[in-house]
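To start, the structure itself, in structure tokens.
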Amino acid sequence: MIPDARHLPEARTDTIRGAIVVPMSPGAGHACGVVAPGGAAVAQARTLLSGGRFTPDPIAPDGPVARLPGRWLYAGVGRHHFGHFLLECISRLWALDHGAAPFDGIIITPMQGRDIAAVIRRRLGPLLDILGQGLPVHLAAEPVQVDELVVPSQGMGHLHWTAGTPEFRAYVRRHLCAALTPEGPDKLYVSRRRLKSPAKQVPHEQKIERWMSAAGFEIFHPERHAIAVQCQRYMAARQIVGPDGSAFHLAPFVMPRGARVGLIQRRTRQPVFDAIARQITSFAEADLWTTAALAQLRTAPQPDERESALPPELRQLRGDLKQAGFI
């Protein structure tokens, strides 16, 4: 099956004996994936990247390659970026619950030039362990021929694919909620203020935090916590508010169904914002409220933080939050 970036494919798997997993080639194209024994690329192994792009098909390697015995699941591309990892790597793991036989492990193709092994050790390992059901992970940095390779369709992905298939939505909720217990307050504000890159922060967010804190929200900086703790906070909260971003790719996996979510648009990229909103409603059946008050805001915080000195976009946000009943 040839995937289409505009339409999320239905859940299906291809099983190939003797398939070769080809690592990502250098250069901008990011060619990688799977080739069948005859040398033809397996279209279902293409991974949807941002911007509606797919990884180009790889070329079968010349000469002999290492052999990997057993039955393995092809997971896709491993990225160091948290949101991309969720959309591009774990989205095939749903097939672990739909196999005709047990799996011996999971194969990930590392993003070229990135040490995904270090990122898994440092940050992403516990999430991958839960959703990968504790199976060994093989990072295909070199071509490897697999005795039996199962290539599932992606269960979710960027833009038009964020709604997820029923199989993937059920899979992540079932396994994460079975492994973790809710822990945290009823009201959560997910902040970006402590992100290292100023470009990823929201201007004046310390002021927004004060509003939310006064309204009974815990101010939560997810990057300061283990992924398991992040999930536990999202599982416990009945109201979650924050600017759009990677946190809102993880939260819908586990937040209570019907939770009230306030999503603040912080960028002018409307398709990206709409995709995040679609995931929230699809995965969690959330009562979603949105505001675009900050979408055009580009000013840096000023020394004078009095209400009258704030830019009109921030005053609009305060009014929107009040009208929605969050503050």
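The values are calculated or read from the model by the stated rules, or taken from the named source; none is laboratory data. From a predicted model like this one, the values you see are computed outputs, not experimental measurements. Cβ atoms come from the backbone with ideal geometry, glycine included; neighbour counts cover every protein chain shown. Note: areas computed on protein heavy atoms with side chains; ligands, DNA, RNA excluded. Shrake-Rupley method; radii C 1.70, N 1.55, O 1.52, S 1.80 Å.
Full extension from Thr15 to Asp274: what is 0.36 nm times the residue separation minus their Cα-Cα distance, to one decimal in nm?
Extending this stretch completely gives an extra 89.8 nm.
Which one, Leu263, Gln154, Gln232, is farthest towards the positive end of the dipole of the chain when Lys and Arg carry +1 and Asp and Glu -1 on their Cβ?
Leu263
Can you give me the % of accessible surface on the range 188-327 that is carbon or sulfur? Probe 1.4 Å, all protein chains present, nothing else counted.
48
Round to the nearest 10 and give me the degree value, 0 to 90, for the angle of helix 270-284's Cα axis relative to the longest principal axis of the chain.
Here the helix axis deviates by roughly 80 degrees.
Using alpha-carbon positions, what is the distance between the centroids of the range 1-55 and the range 251-273, in Å?
Here the answer is 29 Å between Cα centres.
At 7 Å along Cα-to-Cβ for each site, give me the label-to-label distance between Ala101 and Ala66 in nm.
2.3
Please determine, in degrees from 0 to 90 and to the nearest 10, the orientation of helix 227-236 with respect to the longest principal axis defined by the Cα atoms of the chain, where the helix direction is its Cα long axis.
Once rounded, one gets 50 degrees.
Helix 166-179 sits at what angle to the longest principal axis of the chain, using alpha carbons and giving 0 to 90 degrees rounded to 10?
70
Spin-label point model (7 Å from Cα, Cβ direction): what's the Arg174 to His7 distance in nm?
Computed distance between label sites Arg174 and His7 equals 2.7 nm.
Can you pull the percent of the range 34-163's accessible area that's carbon plus sulfur, 1.4 Å probe, other chains left in place?
53
If each of Arg224 and Thr281 carries a label point 7 Å out from its Cα toward its Cβ, how far apart are those two points in nm?
3.3
Rounded if a/c is under 1.5, else prolate if a/b beats b/c, else oblate: with a ≥ b ≥ c from the C-alpha gyration tensor eigenvalues square-rooted, which is the range 147-188?
It is oblate, given that a/c is not under 1.5 and a/b is not larger than b/c.
Shape verdict for the range 1-145, please, from the Cα gyration tensor: rounded (a/c under 1.5), prolate (a/b greater than b/c) or oblate.
Rounded.
Treating only the Cβ atoms of Lys and Arg (+1) and Asp and Glu (-1) as charged, compute the dipole magnitude of the range 117-236 about its Cα centre; round to the nearest 20 debye.
It works out to roughly 720 debye.
Can you give me the accessible area per residue for the chain, using a 1.4 Å probe, in Å²?
Here the residues of the chain average 42 Å² of exposed surface.
Under the classification rounded if a/c is under 1.5, otherwise prolate if a/b is larger than b/c and oblate if not, where does the range 184-242 fall, given a ≥ b ≥ c as square roots of the Cα gyration tensor eigenvalues?
Since a/c reaches 1.5 but b/c is at least a/b, the shape of the range 184-242 is classed as oblate.
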